[in-house]
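Beneath this line is the structure, given in structure tokens, with notes to follow.
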Amino acid sequence: MTPTAVPSTRTIGIFHTTDMELEQRLAEAGLNFSLSEARKVATILGRDPTVVEAHIFNTMWSEHCSYKSSRGVLKEHLPTDASHVVLGPGEDAGIVRLCEIDGKSYCVAVAHESHNHPSQIVPNEGAATGIGGIVRDVYCMGADVIGVMDPLRFGDPNGPNAERTREIVHGVVEGIWQYGDALGVPNLGGDVYFDRSYDDNCLVNVVAIGLVEESEIKRSRVPEEARDVPYDVILVGKPTDPSGFGGATFASRILDEEKTLSDKYAVQVPDPFLKRMLTVATFRVLDLVRERGVAIGFKDLGAGGIACATSELGAAAGLGIRVDLSRVPVAEPDMSPEVIACSETQERYALVVPRDFTPEVLRIFNEEFELPALCHGAQAAVIGEVIEEPRYVLEHEGETVCDASTEAITTGISYVRDANERERGGDEPEVPEDMGLVAAVLGVLGSPNVASREHVYRHYDGEVKGNAVVRPGEADAGVIAPIPGEKVGVAVAADGNPFLGALDPYQAGAAAVAEAVRNVCATGAVPIALTDCLNFGNPEIPEVFHDFVEAVRGIGDAARGIGMKDSDEPIPVVSGNVSFYNQSAAGNAILPSPIVCCIGRLDDLSRHTTIGFRNEGNAIYLLGRRTGELGGSEFMRTVLGAIGVSPATVRIADERAMAAAVTDLAERGLTRACHDISDGGLAAAIAEMILLTAPDVEIGARVDLAAMASAGAAGGEGTVGVQEACRLLFCESGGYVLEIAASDEAAALAVFEERSVWFRRVGETTGELGIVLASAEGGDVEVPFDAMARAWSGGATEVML
Amino acid sequence: MTKSVPRIAVLRFPGMNCEEETKRAVVDAGLDCDVFMWNGPTEELVEYDGYVLPGGFSYQDRVRAGSIASKDEIVDCLFDEAQRGKPVIGICNGAQILLEAGMVPGIDRGKVQMGLATNIMPDRDGYYTRWTHLEVVNDGTCATRAYERGDVVPIPVAHAEGRFVSAERGLIEQLFENDQVVLTYCGPDAAEATEFPANPNGSTRSIAGISNPEGNVVAMMPHPERAARLYQVPSNLDGPWGARKRAARDAEAMFGPGPGLPVLSSLAGFFGAAPRGA
């Protein structure tokens, strides 16, 4: 059912109303903020709100828009500033400086969001509009989107909800390719995990990365010039329809099976075709803006639609906005003013431009690019103006349906939530003495959480724009050449191991940063920025909120502790998103899931490094001591069938040293191949370095278990028992595996010493495919290539069918 | 007005998304290039010396990929210019448009004789991306003059509808006889690609690109603009180009020519602007 029309003249009676009456009134009007929030609205306005005002506050005060539970925690723990930060969190995307070429300062804009709830209900459209929304956040900064990524979390494909889970997997992947491929934004990767805790709440996180010259950054605010000359508010894009009405509030509550049908109308409808044309036309407008030296404001319409976008444009400048909702192009007759004001129809932007420039903008969108001919009802239209008094005024058919101070609307509210630590405990199983090493390696490689993601990424277009240097499956991060003809490279990776979240949310937060950083460094790129998307259950539950606080603390500590290379500054967290209420009415909450994206810079992209071994007879080095902790590891879960207790602790200082060493090696051209150690531990890392070579490069590895375990760097002695071997091979504590040519070993050792990293020379590459584990008790253990290839290439594919 | 360098128009139909990188590759091949709007004046379009229809999703692939764009007025103009012997290359969605417009195979000129059908792939559906190996079957067209017959060229594909099919009995055989089959999918060793994924979409007789009988209009599914520079080549690609990427240690080598650039150099060679084999 679409929302019913309510006469605009109606107000919501709040003063002189009992709680019971008010509750009923709010429910009838489709408002789901709390009684105390409703009363606060009336207090702020000094009168009963109109229906339109009530809906605006309802949206702006949703968890999704206001960060009312999380804001204080984020502010306390996350470092957001560094000398190269142009714009931290607060607008649609964060921006950092990348490089300077010929006097031009090039910047990277990045935004990171979730589209979890919609994707659970309608996977294809939910995921597609996730991409659609995140790219708008970057485009509206004046940046061109040069890549997107999508970290995904799905339910157990073999569990009680297998059928629905597989439908969701298929629908989400399809939605991502259908939208992203058609829009023409390269997909640079992401990650995928499967766990039963996501059965009722899949996670679809989306990241968009853009390139913009610093002088051309557009702000989501009315320019100062509007104090002197008249400015129009222009709405451009799809005609406004009721789709997505209530989307922000829908994302801010738990999913209820019963309400699934009605919730479908809270999901927006994607149109990548229109978005593509809107984008090309917008850049035409921005070119003209640059040419004429005009000051404009530019903002995408996301959560809260027209009301949210236009009020924030005004509030950011301390100016007011007057919009006539009757002038908004609509897709259906008789839409009520609150629906026009708050619907979340996709593919729309708001521009504030000087009135004498308005005709040019309308001409480009409506005539040069013929938007009305391409998509029924699409157009650019003037819907209002900037006013001096800082008030937010909405009119509809001659009536004033909203009149409040812009500050009141946009300031939001906040809560201090209770946080209680969860009861934890239990036992961690011992590694059995008769554990078969080969079977364990194959079991880990074949786990859907470790196995090749080829089946997913083959559907994504990673090469449109012609900038791809390294694609998924080649290295730990995607690498692109963002500026045509220039040698600077950008690397991006996103990570977050949910099983650490289950055991220790602080470690999960810190590990998400550490792994994203390692993935970027493993390509030779130096980290310059982080973003986070924090996915949790209901924050009103003190244990969930405690998980959240701990994860944020972990992210903050790691961002500061790993820090910018050769600098005291943190790696700044420049953008992010909090997604609460990933919990079903049945009470199933997701594992605490902090997901972090890292952006890195390669000064010379020809120095990038990849995973696959290059030549036989080269040395294999291990960076990062194997600590033996197995809690939450793929081995513990897949092979021992338990989650365990003690996860690998993030050694933040070691991560900092290793990041510096690995990027030094790449810069000096000393690395032949490099892979970070994470899911599946050292065993999976070495296997992948063999599996990800070119098909005509036949290289295997002989690695010495005693050398991995030895106290001194000189090499190991004796043999290693199977239990100890498992702790060495499957521990997921942070580290890297490097292939170094014999002629470069001395130079590499100098770097290790200089950067004070723990390292061991653990073996050599060989001409025989497969892995030989030397110094195992009872003789060498061979892991055959064919069995590895079968397990690894089939493990995740099966769950996609 | 004298023109020293031939000018190429890369056509922008609504929904296309490879215009800019295609233009870059054309410029890299030594030609002048503009992106030309679908609703631009045809009297300006005829001033160009050649045309490239890039990839994307023109008109949202409504009805069938390429079918709406093929009805645009600008395509009539293109049809006439091709008749006059000007070169036209259609890449991916551009190829779909040329087929829908009856410009290729063009034996029965103006008639739709072939289609690019939905990919057939085991255990998959939808859009599929992969670096494929192509055998140059005809090295005389406006898109392959800079190659030698029998060359094995890696170029990536990215599409959901790229399977060359025809309902006309004997047409496919006739295309081979007429030398109108320009590119076929093959293995890295030039062996015919009989199976997925070497043949990435189930295309009839592994056809990846065809021309009109004169060879001045070529429709190809692979994207040469994504293989125009060495940096674009995957390091884990089979064969000499993968090895070359792995061996590249400085920016000069990385930004050197890639395996797909000769497609655009062929266009230049068509005007004598670039030497054969450039």
Could you give the nm distance between label points at A:His376 and B:Asp80, where each point is 7 Å from its Cα heading toward the beta carbon? 3.4 nm
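Which of A:Glu423, A:Glu163 has the fewest other C-beta atoms within 10 Å, and how do the rest follow up to the most?
Values: A:Glu423 6, A:Glu163 9.
With the sparsest Cβ surroundings first, the list reads A:Glu423, A:Glu163.
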Putting +1 on Lys and Arg Cβ atoms and -1 on Asp and Glu Cβ atoms, find which of A:Leu319, A:Ala143, B:Gly140 reaches farthest to the positive end of the dipole of the protein assembly as shown. B:Gly140
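Given a cut-off of under 8 Å on Cα pairs at least six residues apart, what relative contact order in percent is computed for chain A? Could the numbers behind the result be given before it?
On the way: 2080 pairs, mean separation 117.5, N = 801.
Relative contact order, chain A: 15 percent.
Assuming R0 = 22 Å, what is the FRET efficiency of A:Val229 and A:Asp287, from their Cβ-Cβ distance, to the nearest 0.05? Before the final figure, lay out each step's value.
Numbers: r = 22 Å, r/R0 = 0.99.
Taking R0 as 22 Å, the efficiency between A:Val229 and A:Asp287 is 0.50.
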Out of all DSSP beta bridges with both ends in segment B:7-270, state the antiparallel percent to the nearest 5. 60 percent
Under 5 Å between amide H atoms, partner at least 5 residues away or on a different chain: which partners does B:Gly56 have, H built in plane at 1.01 Å? B:Asn17, B:Asn93, B:Gly94
Taking the Cβ of each residue in A:Arg560, B:Arg12 as the centre, tally the other Cβ atoms inside 10 Å and list the residues starting with the fewest. A:Arg560, B:Arg12
Of A:Asp137, A:Asp195, how do they rank once you tally other Cβ atoms within 10 Å and put the fewest first? A:Asp195, A:Asp137
Which of A:Pro270, A:Val233, A:Pro498 sits closest to the plus end of the dipole of chain A, meaning its Cα is farthest towards the positive end, when Lys and Arg get +1 and Asp and Glu get -1 on the C-beta? A:Val233
Inter-probe distance in nm under a simple model that places probes 7 Å from Cα toward Cβ, at A:Thr719 and A:Ser326: 9.1 nm
So if each residue of separation counts as 0.36 nm, and I subtract the Cα-Cα distance between A:Glu397 and A:Arg355, what length gain in nm does that give? 12.8 nm
All lysines inside 17 Å of A:Lys487 as judged from Cα atoms, apart from same-chain residues fewer than 8 positions distant: A:Lys104, A:Lys465, B:Lys245
Those lysines that a straight Cα-Cα span of less than 30 Å connects to A:Lys75, excepting residues fewer than 8 apart in one chain: A:Lys40, A:Lys218, A:Lys299, A:Lys565
Show me A:435-444, A:76-85 ranked by packing, highest mean number of other Cβ atoms within 10 Å first. A:435-444, A:76-85
Once phi is turned into ³J(HN,Hα) by the Karplus curve 6.51 cos²θ - 1.76 cosθ + 1.60 with θ = phi - 60°, what whole-Hz value does each residue of segment A:82-99 show in order, with x for glycine and proline? 7, 5, 9, 7, 8, 8, x, x, x, 9, 5, 9, x, 9, 10, 6, 9, 6
In whole Hz and in residue order, list the ³J(HN,Hα) couplings for segment B:136-144 that follow from phi through the Karplus curve 6.51 cos²θ - 1.76 cosθ + 1.60, θ = phi - 60°; x for Gly and Pro. 7, 8, 10, 9, x, 8, 5, 10, 9
Estimated FRET transfer efficiency when R0 is 41 angstrom, pair A:Val416-A:Glu754 (beta carbons, to 0.05): 0.30
Treating only Lys and Arg (+1) and Asp and Glu (-1) as charged, each at its beta carbon, one finds that the protein assembly as shown has a dipole about its Cα centre, in Debye to the nearest 20, of 1160 debye
For chain B, what relative contact order do you get, as a whole percent, if you take Cα pairs closer than 8 Å and at least 6 residues apart? 19 percent
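Only helices at least 27 Å long along their own axis, judged from Cα atoms, and with Kyte-Doolittle mean hydropathy of -0.5 or greater: name those in chain A from DSSP H. Intermediate results must be reported in sequence, preceding the final value.
Values: long enough: A:162-183 (31 Å, -0.22); A:272-292 (29 Å, 0.25); A:542-562 (30 Å, 0.17).
Helices meeting the span and hydropathy rule in chain A are A:162-183, A:272-292, A:542-562.
Note down the magnitude of the dipole of segment B:7-270 about its Cα centre, charges +1 on Lys and Arg C-beta and -1 on Asp and Glu C-beta and zero elsewhere, to the nearest 20 debye. If you can, show how the numbers build up before the last one.
Details: 24 positive and 37 negative charges, 111 e Å.
In total the dipole reaches around 540 debye.
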Can you tell me which lysines have their Cα less than 26 Å from the Cα of B:Lys71? Leave out same-chain residues fewer than eight positions away. A:Lys238, A:Lys275, B:Lys23, B:Lys86, B:Lys111
List every residue whose amide H lies under 5 Å from the amide H of A:Ala648, counting only residues 5 or more places away in sequence or on a different chain, with H placed 1.01 Å from N in the peptide plane. A:Gly631, A:Glu732
Using amide H atoms built in the peptide plane, which far-off residues or other-chain residues are under 5 Å from A:Gly478 H to H? A:Val492
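If you take the beta carbon distance between B:Glu214 and B:Asp34 as r and set R0 to 25 Å, what does 1/(1 + (r/R0)^6) give as a FRET efficiency, to the nearest 0.05?
Working: r = 25 Å, r/R0 = 1.00.
Once rounded, the FRET efficiency stands at 0.50.
Using only DSSP helix segments of four residues or longer, with each worth -39500 (n - 2.57), what per-residue ellipticity at 222 nm results for the protein assembly as shown after dividing by its residue count and rounding to 500?
Working: 36 runs with 334 residues, N = 1079.
That comes out to -9000 deg cm²/dmol.
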Taking 2.2 N^0.38 Å as the expected size of a compact globular protein, what ratio does the Cα radius of gyration of segment B:7-270 give against it, to two decimals? 0.93
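Throughout, read-outs are computed from the coordinates displayed, never taken from laboratory work. Model, not experiment: these values are computed from the prediction. FYI the Cβ positions are ideal-geometry reconstructions off the backbone, even for glycines, and counts take in every protein chain you see.
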